[in-house]
Amino acid sequence: MIVETKHLIKKFPVGKSFFTALNDINIHIDKGEFLGLVGPSGSGKTTLLNIIGSLDVPTEGNAHVLGKSIKDLSAKESAILRNRHIGFIFQTYNLFPVYSVYENVEFALLLQKKTASERKTAVMQALEWVGLTDKAKARPNAISGGECQRVAIARAMVKNPELVIADEPTANLDKANSFHILDTMKKLNKELSTTFIFATHDEKVMKFLDRIIYLEDGKVINDETIKTESL
Amino acid sequence: MIAFKLAFRNLFNAGLKTWLNVFVLSLAFISLVFFNGMIDGWDRQAEVDTKDWSIAEGQFWTPGYDSYDPFTIKESHQVLSHEVQQLIKNKQVTPVLLTEATAFPEGRMQTVLLRGMDVNQDILKLPLEKLKGKKNAVLIGSGMAKTLKLKKDDELMVRWRDKNGTFDAITFTIVYIFDCDVPSIDYGSLYMDIEALRKLTGMDNEASILISNDKNLTAIDSWVYKDNDFLLADIKEIISAKKTGGYVMTFFLLLIGLLAIFDTQVFSVFRRQKEIGTYIALGMTRQRVVSIFTIEGATNSILAALLGTVYGTPLFIFFTRHGISLSDTADMGSMGITASDIIYPYYSVGLIGSAVLLIIISSTIVSYLPSKKIANINPTDAIRGKVS
């Protein structure tokens with residue numbers, strides 16, 4: 001099991017009261033799943049992803065990710081978990097503008113203190129997965145939105161993580177680019193058995209998912225395993 | 001190391017903005033080194049000149065003599081003992097007899113000091129050999145000559161009192177005018193053969209002060225020893241005051257440079273919040289991100305030192321070789337300040353090292369102050385650029 005949440009509650013202070021973003025979430029996610037958290041804005045998708053990604057902690061209950069209790073992790077342990085085992089893909093790509101494509105992908109490996117040759121091999125392989133070896137020297141502002149998101153996928157995958165968390169990865173992309181991105185991620189999911197968790201309300205994404213967890217007002221209202229489009 | 005690597009990468013990739021900050025900071029660095037180098041050069045020159053022309057390795061004063069109190073001159077003379085005569089013979093000391101007098105250049109009246117000195121001495125640079133074999137001859141400094149409008153071979157009537165208080169007068173001939181950067185030597189004194197002055201004043205075998213050529217000589221019977229720390233104290237004080245003025249100027253230049261870094265850092269923490277959130281998401285602790293931003297700011301100062309070295313080195317070499325002329329800007333001698341017309345700056349390793357250290361430490365501090373806010377940023381908000 002990659003992820004397990006038990007009676008997970010997350011509340012945010014709003015003035016003198018609290019807003020409950022997640023209310024008693026109990027889910028488990030296995031290795032190799034291609035799963036989506038689906039729901040309208042404010043349903044708690046991103047909050048749940050942040051907790052699974054150890055960027056946030058639950059108010060009550062707990063989440064176990066790769067056997068680690070998120071609530072009990074120190075700042076350093078949580079940073080190590082993210083660095084070694086979890087890849088992130090964001091809606092707005094979040095690439096470093098002053099770095100080249102190659103340097104952006106290389107970044108996570110720098111933190112792992114890998115040698116230059118190990119980094120080069122891994123980065124070039126990751127860029128090959130996403131079909132961007134020819135753009136290695138380009139800066140993010142010199143490539144298209146679709147290419148930027150492919151760089152973000154390469155950055156998430158370069159360290160061979162067990163889990164990739166993608167928050168609305170296609171929200172800023174057109175249909176063709178969305179398809180390309182999802183196709184790439186699905187292939188990586190199959191080839192490397194990497195678990196992907198998406199937060200989305202994009203129907204294009206849903207067509208690719210193996211499992212969809214529907215959230216509404218911070219609660220799971222449906223959890224279904226579905227048959228996806230063949231690649 | 002990774003923090004340094006990332007900081008350098010961020011800075012170099014940021015392009016023109018980085019170089020503007022670096023350039024302003026390098027100006028502060030260069031001016032700090034330049035000004036202090038000039039002051040140090042001046043300090044060294046002034047010390048060397050004062051020792052060469054006035055104090056050598058120390059002085060011995062007649063008890064009661066005070067160089068700051070002209071009323072003590074009249075009584076400040078004593079007979080040279082056998083021990084002193086032996087020291088003079090060994091060229092360890094040279095005697096100076098002081099007598100207050102009044103000169104009348106072109107009918108005007110001017111208080112002067114008659115300084116009788118051994119024409120064969122070689123402890124001080126004064127060209128007293130020009131007096132050899134000449135009767136009623138005196139030397140004066142070029143500053144005094146300019147002030148009194150006197151020139152070589154001019155005649156100058158001088159009146160003085162002998163040891164009994166009786167007035168006497170004589171017309172001296174100015175046989176030589178020397179150039180000297182030490183105002184206490186240049187201005188207000190007439191230099192003559194000590195034997196001639198002894199005859200004029202009736203102070204046979206007497207002297208007011210002894211100038212020593214021997215560092216180890218610190219006591220001669222009743223004479224009061226004055227070491228160079230005491231004798232150079234005035235110059236040190238003047239130079240220290242000048243240095244403080246220079247520090248103020250440098251402080252403002254440094255402030256501009258540091259403000260540029262502070263401003264960039266504050267702006268960076270705000271503008272680069274997505275980047276900060278992404279750093280954390282990719283596996284950095286907040287503290288590590290703080291260190292990257294701090295190092296980035298501090299690296300500005302390292303680049304400033306390097307850039308300053310690139311354009312400052314030829315500048316400094318030029319000034320070290322050719323000096324900086326002060327003659328057109330100020331007549332320092334007439335203000336009582338020991339300074340040659342051309343100052344040769346002195347740039348020591350210590351000076352450059354301390355300037356580099358000052359810039360690095362101060363820029364690290366101003367970089368850290370805004371960067372430490374990162375420690376309180378919520379990464380989930382930062383990733384979406386929602387930190388206010």
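The values are calculated or read from the model by the stated rules, or taken from the named source; none is laboratory data. Computed from a predicted structure; not experimentally measured. Virtual Cβ from ideal backbone geometry, glycine too; neighbours counted across all protein chains shown.
Things to note:
- In segment A:176-231, counting only strands (runs of 3 or more DSSP E) that sit wholly within it, the ones holding 1 or more residues that are over 20 Å from A:D30 (Cβ atoms) span A:211-216, A:219-225.
- Count of segment A:92-122 residues which are within 14 Å of chain B (Cβ to nearest Cβ) and in a helix (DSSP H, G or I): 13
- Residue within segment A:63-76 that is surrounded by 17 or more Cβ atoms within 10 Å (Cβ to Cβ), in a strand (DSSP E or B), touching a residue at least 40 places away in the same chain (Cβ under 8 Å) and touching a Ser or Thr at 6+ places or on another chain (Cβ under 6 Å) present: yes
- Residues (farther than 18 Å from B:I377 by Cα and over 18 Å from the mean Cα position of the chain (by Cα)) located in segment A:42-66: A:G42, A:T59, A:E60, A:G61, A:N62
- Test result for B:T329, modelled with pLDDT under 80 and either surrounded by fewer than 18 Cβ atoms within 10 Å (Cβ to Cβ) or within 14 Å of another protein chain (Cβ to nearest Cβ) (or both): yes
- Top-ranked residue in segment A:65-91 [being hydrophobic (A, V, I, L, M, F, W, C) and closer than 23 Å to A:N141 by Cβ; ranked as nearest to the other protein chains (Cβ to nearest Cβ)]: A:F88
- Candidate set: segment A:38-62, residues that are among the hydrophobic types (A, V, I, L, M, F, W, C) and touching a residue at least 24 places away in the same chain (Cβ under 8 Å); chosen: the one surrounded by the most Cβ atoms within 10 Å (Cβ to Cβ): A:L48
- Residue within segment B:286-295 that is of a type in the set (A, V, I, L, M, F, W, C), assigned to a helix (DSSP H, G or I) and either on the phi > 0 side of the Ramachandran plot or within 37 Å of the chain's Cα centre (by Cα) (or both) present: yes
- Only a single criterion out of (1) closer than 30 Å to B:V224 by Cβ; (2) surrounded by fewer than 19 Cβ atoms within 10 Å (Cβ to Cβ); (3) in contact (Cβ under 8 Å) with a residue 12 or more places away in the chain is not satisfied by B:Y68, namely (3).
Matching residues to (1) surrounded by fewer than 23 Cβ atoms within 10 Å (Cβ to Cβ); (2) over 37 Å from the mean Cα position of the chain (by Cα); (3) aromatic (F, W, Y):
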residue	(1), (2), (3)
B:T171	yes, yes, no
B:D179	yes, no, no
B:R198	yes, yes, no
B:D204	yes, yes, no
B:A207	no, no, no
B:N213	yes, no, no
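- B:V93 being under 21 Å from B:K199 (Cα atoms) and assigned by TED's automatic domain parsing to the domain that holds B:P183: no
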